[in-house]
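Encoded as structure tokens, here's the structure I'll be asking about.
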Amino acid sequence: MTQAVFAIPGDKDRRTGGFIYEASVLRVLNKIGVETAHLQLPDSFPEPTASDMATTLDALCEVPADQAIILDGLVFGAIDPAGLAQVRAPVIAMIHHPLGLETGLPSDRAAFLRANEAAALKHAAHVIVPSPHTAEVLVQQFGARPEHISVAPPGFDRPLVRRRPANPPLILSVGLLAERKGHDVLLDALSLIKDLNWQAAIVGKAHDAAVAKALRDQCDSLGLTDRVRFAGELDAPALTATFNAAHIFALATRYEGYGMVLSEAMLFGLPVVSCDVGAVPGTVGAAGILTPADNPTRFASALRQLLEKPETARHYSGLSKARAEDLPTWTMTAQVFEQVIGRLRVS
């Protein structure tokens, strides 16, 4: 008997952190005996057309009241709260990070999304988030009730670690070509350490065509095209090989609700350079060097330290390996959902 429905917009198998999280939880819930159906919603969220909004609300209203709906955050943050109030089934909002906190949004759009998500939260039976940081943000800025929030950190499959460090040392960054990921800051930082021997790869597909073009133009203007490679989106084997070849993992992000790729880097024992924003400190702990956001000089200094001082790189590598040992499995993540679904169906 179906116990829950996981409603996800578009292709659930896209290789970005949020979609990997949701597809993994959906798969493992069924594996551990919590029968959960996949409901594919229109792909235009978080900027839905009127038609897609109507289609989405109709689909959610068709779910029986004795089944829980796990609703993806791209949909939840942008959904019509009045329409959501008509849904009979209890709604579990899966919020990776509030939509209104996305970097680069026009101020009026950010304000609308913040108000809309706060209104939608009044109609959620429960909320699941990937980090204590996101829970805190929802309580302090969106009026969510702490007792209605559960934290389910992402799980991780242990990769095949066969280190084959590249020569010259490879600085690896993985993330969508989007303003929030701070690849522009990374490029500026790399331009400040041209005197050192290194190569760099930025892995991730274009989320915003204008941002992707600006990054390539920036790379060219900084004279980095011979040393920095935009690798696009890689499949799992190719990404594993690239992690195994890397010397440093660098993500100059402006905000993360968790930062799954940071934990993935630690599974390979990579020293991490990132920024002291959002959930990053809680994700990385002492296993990396965190700098202020939007500060290429400080970011470059951290990269230089790891490149010039092998003993420092080994120190942070050891801390990464140790921290990765405590990362949860996907079964542990799915069990949080199982507990929430069980409580809602009983009530």
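When you look at F249, is it touching a residue at least 40 places away in the same chain (Cβ under 8 Å) and part of a strand (DSSP E or B), yes or no?
yes
In contact (Cβ under 8 Å) with a residue 12 or more places away in the chain and under 19 Å from P154 (Cα atoms): is that true of G269 in this structure?
yes
Six or more apart or on different chains, Cβ atoms under 9 Å: show the pairs whose first residue is in the stretch 104-133 and modelled with pLDDT of 95 or more and surrounded by fewer than 18 Cβ atoms within 10 Å (Cβ to Cβ) and whose second is of a type in the set (S, T, N, Q) and not in a helix (DSSP H, G or I).
Going by the 9 Å Cβ cut-off, the qualifying pairs are A125/S347.
When the stretch 194-214 is examined, which residues are found to be in contact with a helix residue (DSSP H, G or I) (Cβ under 8 Å, 6 or more places away or on another chain), buried (at least 18 other Cβ atoms within 10 Å of the Cβ) and of a type in the set (A, V, I, L, M, F, W, C)?
W198, A200, A201, I202, V203, V211
Pick from A93, A78: which is within 22 Å of R114 (Cα to Cα), under 20 Å from the mean Cα position of the chain (by Cα) and in a strand (DSSP E or B)?
Exactly one of A93, A78 is within 22 Å of R114 (Cα to Cα), under 20 Å from the mean Cα position of the chain (by Cα) and in a strand (DSSP E or B), namely A93.
So, of the residues in the stretch 1-30 that are part of a loop (DSSP other than H, G, I, E, B) and either within 18 Å of the chain's Cα centre (by Cα) or among the small types (G, A, S) (or both), which turns out to be nearest to I341 (Cα to Cα)?
Among them, the one singled out is K12.
So, in the stretch 295-313, how many residues would count as being free of Cβ contacts under 8 Å to residues at least 12 places away in the same chain and within 27 Å of the chain's Cα centre (by Cα)?
Number satisfying all stated conditions: 2.
The values are calculated or read from the model by the stated rules, or taken from the named source; none is laboratory data. Just so it is clear, the model here is predicted, and its values are computed rather than measured. Quick reminder, even Gly has a Cβ in these numbers, built from the backbone with ideal geometry, and neighbours come from all protein chains shown.
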